[in-house]
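Chemist: Before anything else, here's the structure in question.
The values are calculated or read from the model by the stated rules, or taken from the named source; none is laboratory data. Given the structure is predicted, the values throughout are model-derived calculations rather than measurements. Note: ideal-geometry Cβ built from the backbone for every residue, glycine included; neighbour counts use all protein chains shown.
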Amino acid sequence: MSIDLKNYVRTIPDYPKPGILFRDITTLIEHPDGFRESVERMASEHRGLGITHVAGIEARGFIFGAAVAISLGVGFVPIRKSGKLPGETIGQNYALEYGVDTIEMHADVIGSVHRVLLVDDLIATGGTAIAALSLLRRTGAACDHASFVIDLPDLGGAEKMRAQGVNVHRLIEFEGH
């Protein structure tokens, strides 16, 4: 019998600001069966696609991305906030509600011979995911698959990714924001 993963995601109202329903995955990863099931569902969806690396977006994307990479038997690429990685990096700016931020990855990790699965815990407006997609594609790597634990479809991020030619997989969907 399959686990209903939605039951393991805690909703915290008015966090980080009034009117927001924060979907907290820590309660999912604290449950060994829920965490294992999440990782296996994400990995099994992408077996046989020739994936060579999984890229995870800081910070919760590291949790799921690294585990999916192990399950698929491929390398893991961390996509971090600016200034957090040693060595030569390449970066991608993206818009925030009030300003701009930058994500980075090591410059010498992937290239045109690689096929990358992008992983994060949640997709909302899609700003960070699209920036990560642009960053990965700038290396020449193929990145046409992404997997998220949670999709908030009302915010449109998954649709924006699909418009970029990405097959978007999600485990759970929540209405609202």
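Chemist: Look at Phe35 and say whether it is among the hydrophobic types (A, V, I, L, M, F, W, C) and surrounded by fewer than 21 Cβ atoms within 10 Å (Cβ to Cβ).
Modeler: yes
Chemist: Of all residues in segment 115-162, which are touching a Cys at 6+ places or on another chain (Cβ under 9 Å), in contact (Cβ under 8 Å) with a residue 40 or more places away in the chain and not hydrophobic (A, V, I, L, M, F, W, C)?
Modeler: Correct list: Arg115 only.
Chemist: Only one of Gly73, Gly19 is more than 30 Å from Gly111 (Cα to Cα), surrounded by fewer than 20 Cβ atoms within 10 Å (Cβ to Cβ) and either among the acidic types (Asp, Glu) or out of contact with any helix residue (DSSP H, G or I) (no Cβ under 8 Å at 6 or more places or on another chain) (or both). Can you tell me which?
Modeler: Gly19
Chemist: Considering Gly87, Gly34, which residue is among the small types (Gly, Ala, Ser) and either over 30 Å from Asn7 (Cα atoms) or touching a Ser or Thr at 6+ places or on another chain (Cβ under 7 Å) (or both)?
Modeler: Being among the small types (Gly, Ala, Ser) and either over 30 Å from Asn7 (Cα atoms) or touching a Ser or Thr at 6+ places or on another chain (Cβ under 7 Å) (or both) holds for just one of Gly87, Gly34, which is Gly87.
Chemist: Here's another thing I want to ask about it. Within segment 104-111, does at least one residue satisfy the condition of being closer than 27 Å to Arg47 by Cα, crowded, with 18+ Cβ neighbours inside 10 Å and without any contact (Cβ under 8 Å) to a residue 40 or more places away in the chain?
Modeler: yes
Chemist: Of all residues in segment 134-177, which are assigned to a helix (DSSP H, G or I) and either under 24 Å from Ile20 (Cα atoms) or touching a helix residue (DSSP H, G or I) at 6+ places or on another chain (Cβ under 7 Å) (or both)?
Modeler: Answer for segment 134-177, where residues must be assigned to a helix (DSSP H, G or I) and either under 24 Å from Ile20 (Cα atoms) or touching a helix residue (DSSP H, G or I) at 6+ places or on another chain (Cβ under 7 Å) (or both): Pro153, Asp154, Leu155, Gly157, Ala158, Glu159, Lys160, Met161.
Chemist: Yes or no: segment 23-38 includes at least one residue that is of a type in the set (Ser, Thr, Tyr) and in contact (Cβ under 8 Å) with a residue 24 or more places away in the chain.
Modeler: yes
Chemist: For segment 95-123, which positions are of a type outside the set (A, V, I, L, M) and closer than 15 Å to Arg137 by Cα?
Modeler: Glu104, His106, Asp108, Gly111, Ser112, His114, Arg115
Chemist: Please give the number of the condition Asn93 fails out of (1) of a type outside the set (A, V, I, L, M, F, W, C); (2) in a helix (DSSP H, G or I); (3) surrounded by fewer than 17 Cβ atoms within 10 Å (Cβ to Cβ); (4) touching a residue at least 12 places away in the same chain (Cβ under 8 Å).
Modeler: (2)
For every residue, the table says whether it meets (1) outside any helix (DSSP H, G or I); (2) more than 21 Å from His169 (Cβ to Cβ); (3) not hydrophobic (A, V, I, L, M, F, W, C).
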{"residue": "Ile3", "(1), (2), (3)": "yes, no, no"}
{"residue": "Ile12", "(1), (2), (3)": "yes, yes, no"}
{"residue": "Pro18", "(1), (2), (3)": "yes, yes, yes"}
{"residue": "Leu28", "(1), (2), (3)": "no, no, no"}
{"residue": "Phe35", "(1), (2), (3)": "no, no, no"}
{"residue": "Arg41", "(1), (2), (3)": "no, no, yes"}
{"residue": "Leu49", "(1), (2), (3)": "yes, no, no"}
{"residue": "Val54", "(1), (2), (3)": "yes, no, no"}
{"residue": "Phe62", "(1), (2), (3)": "no, no, no"}
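Chemist: Answer yes or no: is there a residue in segment 59-68 that is surrounded by fewer than 17 Cβ atoms within 10 Å (Cβ to Cβ), of a type in the set (D, E, K, R), modelled with pLDDT of 95 or more and within 28 Å of His106 (Cβ to Cβ).
Modeler: No, the conditions are met nowhere in segment 59-68.
Chemist: How many residues, within segment 38-50, are touching a helix residue (DSSP H, G or I) at 6+ places or on another chain (Cβ under 7 Å) and surrounded by 16 or more Cβ atoms within 10 Å (Cβ to Cβ)?
Modeler: The number of residues fulfilling the criteria is 5.
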